[in-house]
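The values are calculated or read from the model by the stated rules, or taken from the named source; none is laboratory data. Since the model is a prediction, treat every value here as computed from it, not as a measurement. Ideal geometry is used to build each Cβ from the backbone, glycine not excepted, and the neighbour counts take in all protein chains shown. Ligands, DNA and RNA are excluded from the accessible area calculation, which covers all protein heavy atoms including side chains. Shrake-Rupley method; radii C 1.70, N 1.55, O 1.52, S 1.80 Å.
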Amino acid sequence: MTQAPVKVAVTGAAGQIGYSLLFRIASGELLGPDQPIELRLLEITPALKALEGVVMELDDCAFPLLSKVEIGDDATKVFDGVNLAMLVGARPRTAGMERGDLLSANGAIFTAQGKALNAVAADDIKVLVTGNPANTNALIAQSNAPDIPAERFNALTRLDHNRAISQVANKLGVPVTEVKKLTIWGNHSATQYPDLFNAEVNGKNAAAAVNDEAWIENDFIPTVAKRGAAIIAARGSSSAASAANATIEHMHDWALGTPEGDWVSMAVPSDGSYGVPEGVISSFPCTVSAEGVYSIVQGLSINDFSRAKIDASVAELVDEKKAVTELGLI
Ligand code: NAD
Ligand code: LMR
């Protein structure tokens, strides 16, 4: 092995997403089969014993790419020199809650972790927030890390993106690989807007292929937007393996680039594109260069239906920002 290990931090590493995430990172699914990885795992003190057990299991896999694992409850030690950070650790919602109800419970985690990343992360740090409410937690972390460029803070809407692809593929009876250019706009919440009007199936417009506006409005959009709650109702706990999968896919594409002819949904700091105000972290269609720099896809047409849906989700992000400002978190 000639390449230096990439240092990958995962928070909440003893949690249920962590249990699905770590083994796949260590096996090479994050950065490919030639890139050694050093794992830096952060947990709260009472969970460190359970985390030691997870590390024993990582050892027992004898992953060739896993050069080292460090664990701890001190973010400034665990994040020291990290290149990629997956901020998963946060309380999940339970039945009857919206993700935004977690703001006061989880927001403070991201002030401390933003400060720690600012102090000790590597210069090329990329931070992906999965812990809910992901968009606004990412904004909190970003606001507390003034020396790290704002665009290095993303939030996860790739799970929603994958859910939407799967729903439309099922509806049309096509393989998921035929669905391209799907976009999730806005917040990772019940207001998110999965956009079929700019998506393609087999190279043709997806909304036209579906040809059923009632299904789009009354079935597709709410099914995708409320899928997290449906999983909590069915499983008794929130999505874990699919969330870990999406976390890996987002970070993989952000590090290594997106394929030609398609884009992915990433919640990124708004630059004002599509009328989304700067100062919130909102989901957009994005491509990523082979050097790991993302761009928001420009020039898509937004019809009146889409405009209203995007505006509603962005208004929620603006409200969440106001709430965390009042809580003194940013
Ligand atoms: P979990 O309760 O199983 O695990 C969370 C872990 O985080 C626990 O082990 C806990 O000890 C740890 N933790 C809490 N505070 C911490 C801190 N300050 N530093 C480090 N670790 C800390 O939860 P989970 O199912 O793994 O979900 C984690 C988060 O991800 C939740 O907020 C959940 O809602 C969210 N989630 C987001 C998406 C998404 O698409 N964005 C999808 C699924 C879940
Ligand atoms: C999801 O979308 O599955 C997660 O955000 C968990 C949740 O609370 O819905």
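With 27 Å as the limit on Cα-Cα distance, the pairs of Lys77/Lys126; Lys180/Lys309; Lys49/Lys226; Lys181/Lys322; Lys171/Lys321 that go past it are Lys49/Lys226; Lys181/Lys322; Lys171/Lys321. If I fit a long axis through the Cα atoms of helix 16-27 and take the longest principal axis of the Cα atoms of the chain, what angle between them do I get, 0 to 90°, rounded to 10? Once rounded, one gets 70 degrees. For the chain, the longest principal axis of the alpha carbon atoms and the long axis of helix 134-143 meet at an angle near 60°. The charge dipole of the stretch 1-145, taken about its Cα centre with unit charges on the Cβ atoms of Lys, Arg (+1), Asp and Glu (-1) only, comes to about 380 debye. With the convex hull drawn over the C-alpha atoms of the chain, the volume per residue is 131 Å³. With just the Cα atoms defining each centre, how far is the stretch 95-141 from the stretch 206-230? Give it in Å. Measuring centre to centre over Cα atoms gives 29 Å.
Dipole magnitude for the stretch 157-324: about 420 debye, using +1 per Lys or Arg Cβ and -1 per Asp or Glu Cβ, origin at the Cα centre. Only Lys, Arg, Asp and Glu carry charge here, each on its Cβ (+1 for the first two, -1 for the last two); on that basis the chain has a dipole of about 480 debye about its Cα centre. Entry note, the chain: relative contact order of 17 percent, from Cα contacts under 8 Å with a spacing of 6+ residues. Legend: residues Ser27, Ser301, sorted from most to least accessible area (1.4 Å probe; ligands, DNA and RNA excluded), read Ser301, Ser27.
Loop-located GluC sites (Glu not before Pro) in the stretch 236-325 (DSSP state other than H, G, I, E, B) with a sparse environment of at most 12 neighbouring Cβ atoms within 10 Å: Glu260, Glu278, Glu291.
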